[in-house]
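Down below is the structure, laid out as structure tokens.
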Amino acid sequence: MIGALFEDHEVRELEYLLKKEMEALSCELQEPDLNHLVKRAMEERYRLLFNIYKRFVPKQECLKYMRQ
């Protein structure tokens, strides 16, 4: 485990970057002709980003980005 200290504006920037990346992945995962191996790798990356994201935001915010 690694610890880190962030200033408020750095946390907001990190939240923004994580949200944008998760939104992009979510859109790409909607592609019907996506290779199953690529899709699985993208879903794994989404889960990793979401786990990082939920450490920075309240639970209500997390619900917007939770996948089924």
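Run lengths n ≥ 4 of DSSP H only: what is the helix-derived mean residue ellipticity at 222 nm for the chain, with -39500 (n - 2.57) per run over all residues, to the nearest 500? Provide the component values of the computation, followed by the final result.
Details: 3 runs with 46 residues, N = 68.
Mean residue ellipticity, 222 nm, calculated: -22000 deg cm²/dmol.
The modelled label-to-label distance between residue 19 and residue 63, using points 7 Å beyond Cα along the C-beta direction, is 1.6 nm. The phi-based Karplus calculation (6.51 cos²θ - 1.76 cosθ + 1.60; θ = phi - 60°) puts the 3J(HN,Hα) values of region 51-68 at 4, 5, 4, 5, 6, 9, 10, x, 4, 4, 5, 5, 4, 5, 10, 6, 9, 6 Hz, whole numbers, x for Gly and Pro.
For Cα Rg over 2.2 N^0.38 Å, the choices are [x] 1.23; [y] 1.02; [z] 1.92; which was calculated from the structure? Answer label, from the structure shown: [x]. For residue 27, the shell of other residues with beta-carbons less than 12 Å away shows a net charge of -3, using +1 for Lys and Arg and -1 for Asp and Glu. Note on residue 31 and residue 10: the model spin-label points, each 7 Å out from Cα along the C-beta direction, lie 3.5 nm apart.
The lysines whose alpha-carbon is closer than 16 Å to the alpha-carbon of residue 54, local same-chain residues fewer than 8 away aside, are 19, 20, 64. Among 21-28, 59-66, sorting by the average number of other beta carbon atoms lying within 10 angstrom of each residue, highest first, gives 21-28, 59-66.
Laboratory data are not the source of any read-out in this text; all were calculated from the coordinates shown. No experiment lies behind these values; they were computed from the predicted model shown. Cβ atoms come from the backbone with ideal geometry, glycine included; neighbour counts cover every protein chain shown.
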